[in-house]
Amino acid sequence: MTDNAFSPTPLTLLGTGAMGTALARAWLAAGHPVTVWNRTPARAEPLAAEGATVAASAAAAVAANRLVIACLLDDDSLGEALEGADLTGRDLVNLTTGTPAQGRARATWAEERGARFLDGGIMAVPPMIGSADSGAYVFYSGSSELFEEHRETLAVPAGTTYVGTNPGFAALHDVALLSAMTGMFAGVFHAFALVRREDIAPKEFAALLQDWLTAMAHAVHTTADQLESEDYSKDVVSSLEMQAAGNATLLRTAEEQGVSAELLMPYMKLMDRAVTQARGEEGTTGMIDLLLKDR
Ligand code: NDP
């Protein structure tokens, strides 16, 4: 046997919903023995036909393997599923979406029960899982020893991006990117609404939108540069004052097209607040600090 020889890692997967099933299939296809458990047993049956072992209870599934991966609905369902399971000596990888505080609390909870803990945030939808060129990846944070030991196995269904020992950081990165996506889609939906009742083909318009958003996305690096240097006037291309003045045209066009500006207003109000704080000469980066609340 050479150093590069494949060594199958037996693992347990809790939760065979849409995402759990895709993950299980990727590990099975790569030759790893997989034990699955699902609250509703019928949802695990198709995987049995594909070679998975179906455990009768979550506790039995946890007992079967050292590496235990959970992909359940939310943090509460993880707590419920693992109630009564013996986690001593287990490596628990939690791919259930949660908040940073839930990730940190779950790490303490798992460590108190004798397990190492790694939290994960999946940046993909199920059809992207197990396909090497889909761009799917998972943010991981928590035990670096666990991550290093199981890195190759974890890399089977999707790429891996380890973001630190703080167990809340995977969720924080995941939710930060999802939040950016939410804002992007708010703008996209407003744009589609503007052209909706006109003789403009949605597919042709979509291509224009994609090119424009891709070109604009590069601005995140200027923002990062300004945040790191704490110089918000550095390399400003369009001043905040100019952009805030331009909002009047956006709002008037929405009015003319009979479109509600409700998705735009919160962002524009924040811009106005920044301008009144004499930040008009800067770009928009100062708006980020206006969002920070005391805690
Ligand atoms: P599904 O709704 O398809 O599956 C949810 C799973 O959670 C099922 O296995 C369900 O069991 C189980 N579950 C729910 N409540 C409980 C409970 N109280 N106790 C035990 N098990 C419970 O969701 P997905 O598989 O799509 O999502 C799973 C996780 O993956 C979520 O955290 C989601 O945010 C995340 N994710 C999903 C993505 C997607 O596009 N689908 C993308 C990125 C992340 P049962 O079958 O019995 O209901």
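Per-residue ellipticity at 222 nm from helix content only, as computed over the chain with -39500 (n - 2.57) for each DSSP H run of at least four residues, stands at -15000 deg cm²/dmol. For the chain, the relative contact order is 12 percent, taking Cα pairs closer than 8 Å that sit 6 or more residues apart in sequence and dividing their mean separation by the residue count. The amide H of residue 138, built 1.01 Å from its N in the peptide plane, has 123, 159, 160, 161 as neighbours under 5 Å, considering only residues 5 or more places off or on other chains.
Amide H contacts for residue 164 (H built 1.01 Å from N in the peptide plane; partners 5 or more residues away or on another chain; cut-off under 5 Å): 142. For the residues 109, 27, 37, a GNM of the chain with alpha-carbon springs under 10 Å puts the largest fluctuation on 109. Among 86, 119, 133, the largest mean-square fluctuation in a Gaussian network model of the chain, built with springs joining Cα atoms closer than 10 Å, belongs to 133.
Using DSSP H assignments, which helices in the chain have an axial alpha-carbon span of 20 Å or above and a mean Kyte-Doolittle hydropathy of 0.5 or higher? Please list the in-between numbers first.
Working: long enough: 169-195 (39 Å, 1.60); 202-217 (22 Å, 0.36); 240-257 (26 Å, -0.38).
Result, helices passing both filters: 169-195.
Structural size metrics of the chain, computed from C-alpha coordinates, are Rg and Dmax of 23.6, 72 Å.
Karplus-based coupling profile of the stretch 281-295, in residue order and whole Hz: 6, 6, x, 8, 4, x, 4, 4, 5, 5, 7, 6, 9, 5, 9, with θ = phi - 60° in 6.51 cos²θ - 1.76 cosθ + 1.60 and x standing for Gly or Pro.
Dipole size of the stretch 11-165 about its Cα centre, with +1 on Lys/Arg Cβ and -1 on Asp/Glu Cβ: approximately 160 debye, rounded to the nearest 20. Charged neighbours of residue 52, selected by a Cβ distance under 13 Å, balance to 0 (K, R count +1; D, E count -1). Kirkwood-type hydrodynamic radius, the stretch 173-291: 15.8 Å, calculated from all non-identical alpha-carbon pairs. As a rough guide to protection, the peptides 48-59, 93-104, 140-151 ranked by mean Cβ packing within 10 Å, highest first, stand as 93-104, 140-151, 48-59. Overall shape of the stretch 11-165 was characterised from the C-alpha gyration tensor. The equivalent ellipsoid obtained from it has semi-axes of 20, 19, 14 Å, in decreasing order.
What the phi angles of the stretch 6-13 give under the Karplus curve with 6.51, -1.76 and 1.60, with θ = phi - 60°, is a coupling list of 5, 10, x, 10, x, 9, 10, 10 Hz, glycine and proline written as x.
Here the Gaussian network model covers the chain, with springs between Cα atoms less than 10 Å apart; of 117, 189, 169, 189 fluctuates the most.
Values quoted throughout were computed directly from the atomic coordinates according to the rules given, and no laboratory measurement underlies them. Since this is a predicted model, take the numbers as computed values, not measurements. No Cβ is skipped: glycine too gets one built from the backbone with ideal geometry, and neighbour counts run over all protein chains shown.
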